[in-house]
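Since every read-out is calculated from the coordinates, none of them should be taken as a lab result. Computed from a prediction, not measured in an experiment: that's the story for all the values here. Glycine gets a Cβ as well: all are built from the backbone with ideal geometry, and neighbour counts include every protein chain shown.
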Amino acid sequence: MPKPDIHPEWYPEAKVYCNGEVVMTVGSTQPELHVDVWSGNHPFYTGTQKIIDTEGRVERFMRKYGMLDAAENTASSDGTKK
């Protein structure tokens, strides 16, 4: 039994909203939660993960670990480097 007047109010059926739609209900200290990302639209869980290349970071990583040459060889049709 919790002590009176020291704990926040508990909402066992708090609604979670993502893009204006109710996506799930959870227990929370807030009656409504508004989120940008949840497991239903997160790339890790949906399998639609994309690598966003900003400032050539992917190429720099691949060059650093020697993967760029192998990737170029497999991508070209005649087997020669570009």
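For the reader, a short list of remarks on this structure follows.
- The set of residues in segment 1-46 that are in contact with a Gly (Cβ under 7 Å, 6 or more places away or on another chain) and exposed (fewer than 12 other Cβ atoms within 10 Å of the Cβ) comprises W10, P12.
- Residues in segment 1-35 that are among the basic types (K, R) and in a loop (DSSP other than H, G, I, E, B): K3 only.
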